[in-house]
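Written out below as structure tokens is the structure these notes cover.
Derivation of every value follows stated rules applied to the coordinates shown; laboratory data play no part. Remember, it's a predicted structure, so these values are computed and weren't measured experimentally.
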Amino acid sequence: MTTAMSAADIAAHEAASYVRRPRKVLATSPAGHPRGSRPAEELARQFRDHGVPATVVQDIRTDRFLIVEEAGS
């Protein structure tokens, strides 16, 4: 079951995003992929295997998974 975020939830998410450290986007993957987030998680693992501290987040506006590196890592 998927639940859409309310306008208040989206606003809170965007407001909280301003206090986070900037992140570098290393790669993207469509959120609608038949395998879900698995392709993005596999890409993140490849980056981690090469010493890059990568993680996966979802960009709601673009409906994509982003593989990101935390700034200062």
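Output wanted: per-residue J couplings in Hz (rounded whole) for region 31-48, from phi through Karplus 6.51 cos²θ - 1.76 cosθ + 1.60, θ = phi - 60°, x for Gly and Pro.
With the stated coefficients, region 31-48 comes to 5, x, 4, x, 9, x, 7, 4, x, 5, 5, 5, 5, 4, 4, 4, 5, 4 Hz.
Taking Cα atoms of region 30-73, Rg/Rh with Kirkwood Rh, to two decimals?
Value, to two decimals: 1.00.
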